[in-house]
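Chemist: Sharing a structure, written as structure tokens. Questions coming.
The values are calculated or read from the model by the stated rules, or taken from the named source; none is laboratory data. Since the structure is predicted, the reported quantities are computational estimates derived from the model, not experimental observations. Here the Cβ positions follow ideal geometry from the backbone for every residue, glycine too, while neighbour counts run over all protein chains shown. Ligands, DNA and RNA are excluded from the accessible area calculation, which covers all protein heavy atoms including side chains. Shrake-Rupley method; radii C 1.70, N 1.55, O 1.52, S 1.80 Å.
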Amino acid sequence: MGRPDDEYDYLFKVVLIGDSGVGKSNLLSRFTRNEFNLESKSTIGVEFATKSIVTEGKTIKAQIWDTAGQERYRAITSAYYRGAVGALLVYDISKHVTFENVERWLKELRDHAEANIVVMLVGNKSDLRHLRVVSTEEAMAFAEQHNLAFIETSALDASGVDTAFQNILTEIYRLMNRKQMQADTSATGPTIKAGQKISLGNDNNNPKTKKKGCC
Amino acid sequence: MRRRRTCEAFDEELGRDIIDLDNLARMAWNGVPPERRRTVWMLLVGYLPANASRREATVRRKRGEFEEALRLHFHVSPGARSQRDQGTLRQILVDVPRTCPGIPLFAQEGIQNLMIRVLYVWSIRHPASGYVQGMNDLLAIFIMVFAAAAEADLDTVDHATFGRGGFATFDSDLDDDLAPARPAEVGLPPSRRGPRGQPHSHVEGLDASRFSQQTLDEIAADTYWCLSKVLDSIHDHYTHTQPGLRRATTQVEGLLRRVDSDLFKHLMEECMPILQITFRWINCLLTRELPLRVIMRLWDTCLAETSGFEKFFPYVCAAFLCHFSETLRHLQAEDLHLFLQDLPTKDWTDDDVETLLSEAYILSTLFQDAPSHLALKEAQASLAAMIDPLARTG
């Protein structure tokens, strides 16, 4: 109790998804604990970690759910998409099939996640330059086409990792503020419905309180 | 607590022409000495027949069948694999190198190749579930036990001083004369000479590079069949939406509600679904929660129980959860998750596991009739529902 971690302005739930072995768990451990383990075990079901960042003067606590990549676990893992305001969709730049499967993961999100979830495409293992088979341009074009944020990272050498999380959390924060403002201005008008749809952390944004209760 | 049996006690049973499997299971329930574990597990899962005279032929045939399965399914040109099978192979290739990281045995190429084959053939032959992540952890347990025994075989032959029981390598390249302490065939009474009850303390430092290809092939076939027996008993843990795993979780939840309602209430208040807790426990049969050296002790009992991983295992999980009750009841949502993800079990010994198993046993004797009572109530309720509208219309 009383850790600095407990004080935050916003609590955002974010999921890490993507094929097995693309490095989701290591992205999480690099971001939350600055650790990397070349020989980490596969994730079974879901795992969880948190970290707070500061953006635009606000402390945002990220509650990150790391999911198992295998298809058999989708029934379990997709339950964790509920309430998520962000998703890092990870592929491995040295394995083309993991990039090809990104479309299937997008469909998973469409089927199970909130409609306004912020999605960032993450090309991990950028340190494997000599093994690269997915070019930055190809991925960037795909991201643009599907309206996704995009970044390349290496959980191994840490490049891009903090930026990826920082960017997606900031974007969620801005989007939320924008929607909140729209909701405020339209609160008296007839189009209130649009404003109410912001489930983006609606139950999570109690300022400076320790979050308790359902996640 | 019941006393662990010595090698001698096991040798007496293992030496019979026809082993009394019920008696063997009763003994194994309280723990199997590491030196006899391979033979006892092979008998308990039903890979080795109880009848000594049929044992050698059975194992020969089974090993031959696995070789044939490899030829049919594994040693084929890449183009001959369906897209689904390619996906399966890819998944296995991703997971095998991530099995038991830190234990040198699993970093060795011979062992990794063996695992890939076993898991792949199993998947092809069980399309309803196919390979599911975590099965590699289960296979690893069998590999640890069988590789330790294979290494002991080598030492027996090398030094001819280590008496040991149960199981000998078939078709060994080595001359039998070099191995006077080695039983001539599977399941014969082992030599009573040599050190007794020596634990395989080096089990995590096994060196597979000492094994011939033939030994590796034998380990592959033997672990394949034993893993198959275990997975067959819990197949719907791994089929689409994993109904068996959910059923086991419901059972754990029911048990928790009755034996530790404070913990149950606390978990509900913290919005911690029991499935979130038990998913990995049941999926990987606690291999991710406990150190390998004590997992084997846990498995002695689960293999000794009839359908142990299906029927007895939920009691083990309930007892395991209650074990941490005091701590869990003082943790809130996030800290609960973090604690459960990384339970403080790294110093657990066989004694801790045996306490856990005793608690699970008590739960099972108290509540094992509960499901049938529930089923009866459900039947009565549905009967009432059927009669009720009839009564009204009538």
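Chemist: Restrict the check to the stretch A:153-165 and report whether at least one residue is touching a helix residue (DSSP H, G or I) at 6+ places or on another chain (Cβ under 8 Å), among the aromatic types (Phe, Trp, Tyr) and open to solvent by 20 Å² or more (accessible area, probe 1.4 Å).
Modeler: Our first condition is that a residue be touching a helix residue (DSSP H, G or I) at 6+ places or on another chain (Cβ under 8 Å); within the stretch A:153-165, this holds for A:153-156, A:158, A:161-162, A:164-165.
Within this subset, residues satisfying the condition of being among the aromatic types (Phe, Trp, Tyr) are A:165.
Imposing the further condition that a residue be open to solvent by 20 Å² or more (accessible area, probe 1.4 Å) reduces the set to none.
Checked the stretch A:153-165: no residue is touching a helix residue (DSSP H, G or I) at 6+ places or on another chain (Cβ under 8 Å), among the aromatic types (Phe, Trp, Tyr) and open to solvent by 20 Å² or more (accessible area, probe 1.4 Å).
Chemist: Right, something else. Here is a check on your reading of the model: is A:Arg74 under 25 Å from B:Met135 (Cβ atoms) and at pLDDT 95 or above?
Modeler: No: the conditions fail for A:Arg74.
Chemist: Need pairs with beta-carbon distance below 6 Å; first residue free of Cβ contacts under 8 Å to residues at least 60 places away in the same chain and within the stretch B:43-59, second open to solvent by 20 Å² or more (accessible area, probe 1.4 Å); sequence gap 6+ or separate chains.
Modeler: B:Ala50/B:Ile18; B:Ala50/B:Leu21; B:Asn51/B:Ile18
Listed here are the residues, each with its yes/no results for (1) among the charged types (D, E, K, R); (2) at pLDDT below 70; (3) closer than 30 Å to B:His240 by Cβ.
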{"site": "B:Asn136", "(1), (2), (3)": "no, no, yes"}
{"site": "B:Ile141", "(1), (2), (3)": "no, no, yes"}
{"site": "B:Phe146", "(1), (2), (3)": "no, no, no"}
{"site": "B:Glu151", "(1), (2), (3)": "yes, no, no"}
{"site": "B:Leu178", "(1), (2), (3)": "no, yes, no"}
{"site": "B:Pro195", "(1), (2), (3)": "no, yes, no"}
{"site": "B:His202", "(1), (2), (3)": "no, yes, no"}
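Chemist: Scan A:Lys95, A:Lys61 and give me the residue that is within 10 Å of another protein chain (Cβ to nearest Cβ), in contact (Cβ under 8 Å) with a residue 24 or more places away in the chain, open to solvent by 10 Å² or more (accessible area, probe 1.4 Å) and not polar (S, T, N, Q).
Modeler: Working: A:Lys61 fails: open to solvent by 10 Å² or more (accessible area, probe 1.4 Å).
Answer to the check: A:Lys95.
Chemist: Out of everything in the stretch A:30-39 that is more than 7 Å from chain B (Cβ to nearest Cβ) and open to solvent by 10 Å² or more (accessible area, probe 1.4 Å), what residue ends up being modelled with the lowest pLDDT?
Modeler: Step one: filter the stretch A:30-39 for residues more than 7 Å from chain B (Cβ to nearest Cβ), giving A:30-38.
Within this subset, residues satisfying the condition of being open to solvent by 10 Å² or more (accessible area, probe 1.4 Å) are A:30, A:32-38.
On the way: A:Arg30: 98, A:Thr32: 97, A:Arg33: 96, A:Asn34: 97, A:Glu35: 97, A:Phe36: 97, A:Asn37: 95, A:Leu38: 89.
Going through the qualifying residues, I end up with A:Leu38.
Chemist: While we're looking at this one, here's another question. Anything in the stretch A:61-94 that is closer than 18 Å to B:Ala333 by Cα and in a strand (DSSP E or B)? List them, or say none. Walk me through it before giving the result.
Modeler: Our first condition is that a residue be closer than 18 Å to B:Ala333 by Cα; within the stretch A:61-94, this holds for A:61-66, A:79-84.
Within the stretch A:61-94, A:Lys61, A:Ala62, A:Gln63, A:Ile64, A:Trp65, A:Asp66 meet the criteria.
Chemist: Just give me the residues in the stretch B:318-340 being buried (at least 16 other Cβ atoms within 10 Å of the Cβ) and within 14 Å of chain A (Cβ to nearest Cβ), in sequence order.
Modeler: If the condition is that a residue be buried (at least 16 other Cβ atoms within 10 Å of the Cβ) and within 14 Å of chain A (Cβ to nearest Cβ), then B:Leu331, B:Gln332, B:Ala333, B:Glu334, B:Leu336, B:His337, B:Leu340 are the ones that fit.
Chemist: Right, another one. Going through the stretch A:7-51 one residue at a time, which ones are out of contact with any strand residue (DSSP E or B) (no Cβ under 9 Å at 6 or more places or on another chain) and not polar (S, T, N, Q)? Don't jump to the end; show me each part of the working.
Modeler: First, pick out the residues of the stretch A:7-51 that are out of contact with any strand residue (DSSP E or B) (no Cβ under 9 Å at 6 or more places or on another chain): A:20, A:30, A:34-42, A:44.
Across the stretch A:7-51, the qualifying residues are A:Arg30, A:Glu35, A:Phe36, A:Leu38, A:Glu39, A:Lys41, A:Ile44.
Chemist: With A:Val46, A:Val15 as the choices, which residue is among the β-branched types (Val, Ile, Thr), within 17 Å of the chain's Cα centre (by Cα), buried (at least 21 other Cβ atoms within 10 Å of the Cβ) and facing another protein chain (nearest Cβ under 10 Å)?
Modeler: Details: A:Val15 fails: facing another protein chain (nearest Cβ under 10 Å).
The unique qualifying residue is A:Val46.
Chemist: So, B:Asp217, is that one more than 14 Å from chain A (Cβ to nearest Cβ) and among the acidic types (Asp, Glu) or not?
Modeler: Taking the combined requirement at face value, the residue satisfies it.
Chemist: Return the total of residues in the stretch B:204-241 being open to solvent by 10 Å² or more (accessible area, probe 1.4 Å) and not in a helix (DSSP H, G or I).
Modeler: Of the residues in the stretch B:204-241, 6 are open to solvent by 10 Å² or more (accessible area, probe 1.4 Å) and not in a helix (DSSP H, G or I).
Chemist: Another question, then. Tell me which of these A:Met120 doesn't satisfy, since it passes every other one: (1) facing chain B (nearest Cβ under 9 Å); (2) open to solvent by less than 20 Å² (accessible area, probe 1.4 Å).
Modeler: Status for A:Met120: all satisfied but (1).
Chemist: Which ones in the stretch B:248-286 are more than 10 Å from chain A (Cβ to nearest Cβ) and either surrounded by fewer than 16 Cβ atoms within 10 Å (Cβ to Cβ) or of a type in the set (Ser, Thr, Tyr) (or both)?
Modeler: Within the stretch B:248-286, B:Thr249, B:Thr250, B:Arg257, B:Arg258, B:Ser261, B:Asp262, B:Lys265, B:Met268 qualify.
Chemist: State the number of residues belonging to the stretch A:72-92 that are open to solvent by 10 Å² or more (accessible area, probe 1.4 Å) and more than 10 Å from every other protein chain (Cβ to nearest Cβ).
Modeler: Looking only at the stretch A:72-92, we keep the residues that are open to solvent by 10 Å² or more (accessible area, probe 1.4 Å), and these are A:72, A:74-76, A:78-80, A:82-83.
When the remaining residues are screened for being more than 10 Å from every other protein chain (Cβ to nearest Cβ), the result is A:78, A:82-83.
Residues meeting the conditions: 3.
Chemist: Is it true that A:Gly69 is buried (at least 19 other Cβ atoms within 10 Å of the Cβ), in contact (Cβ under 8 Å) with a residue 12 or more places away in the chain, within 11 Å of chain B (Cβ to nearest Cβ) and on the phi > 0 side of the Ramachandran plot?
Modeler: For A:Gly69, the condition - buried (at least 19 other Cβ atoms within 10 Å of the Cβ), in contact (Cβ under 8 Å) with a residue 12 or more places away in the chain, within 11 Å of chain B (Cβ to nearest Cβ) and on the phi > 0 side of the Ramachandran plot - is not met.
Chemist: Also, I was wondering about something else. Please count how many residues of the stretch B:121-130 are within 14 Å of chain A (Cβ to nearest Cβ) and open to solvent by less than 10 Å² (accessible area, probe 1.4 Å). So that I can check it myself, show each step before the final result.
Modeler: We begin by selecting, within the stretch B:121-130, every residue within 14 Å of chain A (Cβ to nearest Cβ); these are B:123, B:126-130.
The next check asks that each one be open to solvent by less than 10 Å² (accessible area, probe 1.4 Å); those that pass are B:123, B:129-130.
So the count comes out to 3.
Chemist: I'd like the full set of residues that are part of a helix (DSSP H, G or I), farther than 21 Å from A:Ser42 by Cβ and more than 9 Å from the chain's Cα centre (by Cα), limited to the stretch B:285-312.
Modeler: B:Arg293, B:Val294, B:Arg297, B:Thr301, B:Ala304, B:Gly308, B:Glu310, B:Lys311, B:Phe312
Chemist: Being open to solvent by 20 Å² or more (accessible area, probe 1.4 Å) and among the aromatic types (Phe, Trp, Tyr) is true for just one of B:Phe74, B:Phe66. Which residue is that? Lay out the reasoning, then the answer.
Modeler: On the way: B:Phe66 fails: open to solvent by 20 Å² or more (accessible area, probe 1.4 Å).
Only one candidate passes the filter, namely B:Phe74.
Chemist: For the stretch B:82-101, state whether one or more residues are under 25 Å from B:Ala148 (Cβ atoms), open to solvent by less than 40 Å² (accessible area, probe 1.4 Å) and more than 14 Å from every other protein chain (Cβ to nearest Cβ).
Modeler: So far as the stretch B:82-101 goes, no, none of its residues is under 25 Å from B:Ala148 (Cβ atoms), open to solvent by less than 40 Å² (accessible area, probe 1.4 Å) and more than 14 Å from every other protein chain (Cβ to nearest Cβ).
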